[in-house]
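Student: Before I ask anything, here is the structure I am working with.
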Amino acid sequence: MEIFQGKGVKAGIIAAVAVVAVTGVIVFARNKLSKDYVQADRNIVLKKMDLTKSASVTGTVKSESSKTVSAPLKGIEVKKVNVSAGDKVREGDKLLEFNTDNLEKALKEAEDNLSNAKKDYKSSVSSAQSKLDDARNTYKSDKKRLEKKVSDIKKSLDGIKKKIRELNKDIEDAENVEEKMSFTEELLRAEENKKILQDVYEAAKENKKSTNKQNQSDVDSANEALETVKSNGEKNIKKARRKARKAKEQLGDCNVVAASNGIVTAVYVETGDNYNGGDIVQIDNTSSFKVTAAADEYNISSIVKGQKAEVFTAATDNDKLEGKVTFVAPSATVTNTSGTGSTGNSSLDGYGIEITLDTKDDRLRIGMTARCSIILEEAEDVYAVPYDAIHVNKDGTSVIYAEDTGQGKKPKKKAGKREIEVTKGMESDYYVEIRGDGLSEGLRVIIPSESGISSVRRSVAAC
C-alpha cells in the first residue's frame, strides 16, 4: 500500500513536473510570441499619395498614319521612279514621272475640239438667229401690207355702198322717165361693182389671215431651229469641254507627289513598267507614332478608348512616353495554326488595341518593341497603406492599427495600439486607398509580421 502510495506520489510528482514543464513551455511560448510579434512589427508613416492601377502589354511601334499613293491612270509608261524604300520625303516631293507624250497629245486634240465646238456654236446660232429675224420681219411687213390692202378695199366697198344709196334716192326723186332710167342704169353698174369688190374684200381678208398664219409658222419654226441649234451646240461644247477636262486631269494625275512628310516604306513600280492602276508608293508619317498590341482576356474588359498610357522602349532609354488608347478591338484575333476549314486548329492572339503617342521623340523608329502600361484607374492625393496593414474584424469591418500616442479622444486600446476603422477605396498592385475619420498626415501605421507568430504557434502545437 505504501509502495502504491509511493508510486502514486512519485507519479503525482512526475505529473506535476510535466504540468509545470508544459506550463513553462506555454509561458515561454507566449513570452516568445510577444517578443517575436513586437520585434517583427514594422510601421510606416501615413501620408497622401497618388495611386495608379494599370495593365501591361507589349506591342510594336508603327506610324500613326500610313498612306499608299496611287494614280487613276491606265496604260501609261513609268518613265522614272524618284524614290526608294527608306527615303525620307517631304510634302510635295515628286515620287515618280510618267511618259506623258500621249496624254499631252490627247489634251491638245481635246482643246482644239472644244475650240471648234465653240466656233461652230457661234456660227450656227448666228445663222439660225438671222433666219428667225428674217421670218419675224416678213411676218411684220406682210401683216402691215395686207392690213392696208384690206383697209383700202373696204373703203372702196363702203364708197360703192354709199353711191348705191344715193342712186336709189335719185331714182325716187327723178322727175321724168329718162332721168329715172339713167339713174337705174348707173345703179345696176354700181351693184355689179359692189359684188366684185365684196368678193375682192373677202379674198383679201382670207389672204391676210392665211399669210399671217404661214408667217407665224415660219417664225415659230425659225425659233425652234434656233433653240435646237443652241441646245445641240451647248451639248457639243459640254462634251468637248468634258473631254478636255478629263485629258487635263489625266495629265495632272501624272504629277504623283508626297501628300505629307514621312518615310518611304515600300515602292511597287519600276522604271519602264506599264502602269495600269494600283499602289505606287507607301509613305509612313514619322512625325507621330502609335503602338499596336494585344491585350489578354483578363485585362481587355478594363481597357477602353481614351485611357492614358505610358510607353517605354529600349531605344529611348526607357524614358516615359505619354499616349492614350485610341482603338480597342471588339473581338479577339484568331489565327489558324494548321489545316483549313473545320479540320484546322486555331488560337486566340488576344484583343488588338492601339495606343497613339502624344510625346514626340526623334529616337523612335517604326518596328521597335514597346512596353506599355495602360492606366486603368487613378486616385490622386489619397491616404494609402500596403495591403498587409489592413485587417478585417469578425463583423466584417476593415481596420488598421496605429501607435497609441495617448492624445485626443480615448482610443480603443489593443496591446499598445489603437484600432481605426477604415473604408477601402482604389487598390493598386501593392497599396490600397483608405478613408476614415481617424486618419491624418504623420500617423504611424503598424504592419505586423505573421511569420514569427505562425512559427511559435506551430512549436506549441508540436509540444
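Student: So Glu310 passes all but one of these: (1) within 24 Å of the chain's Cα centre (by Cα); (2) of a type in the set (Asp, Glu); (3) surrounded by 14 or more Cβ atoms within 10 Å (Cβ to Cβ). Which condition number does it fail?
Tutor: (1)
Student: Got at least one residue in segment 266-279 being farther than 26 Å from Lys74 by Cβ and of a type in the set (Gly, Ala, Ser)?
Tutor: Scanning segment 266-279 turns up no residue that is farther than 26 Å from Lys74 by Cβ and of a type in the set (Gly, Ala, Ser).
Student: If you don't mind, another one. Please verify whether Ile283 is of a type outside the set (Gly, Ala, Ser), surrounded by 16 or more Cβ atoms within 10 Å (Cβ to Cβ) and more than 19 Å from Ser65 (Cβ to Cβ), treating the condition exactly as stated.
Tutor: Values: of a type outside the set (Gly, Ala, Ser): yes; surrounded by 16 or more Cβ atoms within 10 Å (Cβ to Cβ): yes; more than 19 Å from Ser65 (Cβ to Cβ): no.
Against the criterion (of a type outside the set (Gly, Ala, Ser), surrounded by 16 or more Cβ atoms within 10 Å (Cβ to Cβ) and more than 19 Å from Ser65 (Cβ to Cβ)), Ile283 does not qualify.
Student: Only one of these is at pLDDT 90 or above, open to solvent by less than 40 Å² (accessible area, probe 1.4 Å) and not hydrophobic (A, V, I, L, M, F, W, C): Gly323, Gly350. Name it.
Tutor: Values: Gly350 fails: at pLDDT 90 or above.
After ruling out the rest, the residue left standing is Gly323.
Student: Here is a follow-up. For segment 45-65, which positions are modelled with pLDDT of 90 or more and assigned to a loop (DSSP other than H, G, I, E, B)?
Tutor: Of everything in segment 45-65, those that are modelled with pLDDT of 90 or more and assigned to a loop (DSSP other than H, G, I, E, B) turn out to be Leu46, Lys47.
Student: OK, next. All but one of (1) at pLDDT below 95; (2) open to solvent by 60 Å² or more (accessible area, probe 1.4 Å); (3) more than 30 Å from Arg145 (Cα to Cα); (4) of a type outside the set (Gly, Ala, Ser) hold for Arg189; which doesn't?
Tutor: (3)
Student: Looking at segment 286-307 only, could you name the residues that are open to solvent by 50 Å² or more (accessible area, probe 1.4 Å) and farther than 17 Å from Val328 by Cβ?
Tutor: Residues satisfying the conditions are Thr286, Ser287.
Student: Where residues in segment 393-402 are more than 52 Å from the chain's Cα centre (by Cα) and more than 17 Å from Leu46 (Cα to Cα), which of them is surrounded by the most Cβ atoms within 10 Å (Cβ to Cβ)?
Tutor: Ranking the candidates gives Asn393 first.
Student: Scan (1) surrounded by fewer than 13 Cβ atoms within 10 Å (Cβ to Cβ); (2) in a loop (DSSP other than H, G, I, E, B) for the single condition Ser260 breaks and write down its number.
Tutor: The number of the failed condition is (1).
Student: Something else about it: Residue under question is Thr60, and the condition is that it be under 30 Å from Val264 (Cβ atoms) and in contact (Cβ under 8 Å) with a residue 40 or more places away in the chain; does it hold?
Tutor: yes
Rundown of residues vs (1) hydrophobic (A, V, I, L, M, F, W, C); (2) modelled with pLDDT of 95 or more; (3) touching a Lys or Arg at 6+ places or on another chain (Cβ under 6 Å), yes/no style:
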site	(1), (2), (3)
Thr211	no, yes, no
Ser217	no, yes, no
Asp220	no, yes, no
Ala225	yes, yes, no
Lys248	no, no, no
Ile263	yes, no, yes
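Student: Continuing with this model, one more query. Does Lys246 fit the bill of being among the charged types (D, E, K, R), out of contact with any Pro (no Cβ under 6 Å at 6 or more places or on another chain), in a loop (DSSP other than H, G, I, E, B) and open to solvent by 50 Å² or more (accessible area, probe 1.4 Å)?
Tutor: no
The values are calculated or read from the model by the stated rules, or taken from the named source; none is laboratory data. Predicted model only: the values in this text are computed from it and were never measured. Quick reminder, even Gly has a Cβ in these numbers, built from the backbone with ideal geometry, and neighbours come from all protein chains shown. The accessibility values were calculated without ligands, DNA or RNA, using every heavy atom of the protein model including side chains. Shrake-Rupley method; radii C 1.70, N 1.55, O 1.52, S 1.80 Å.
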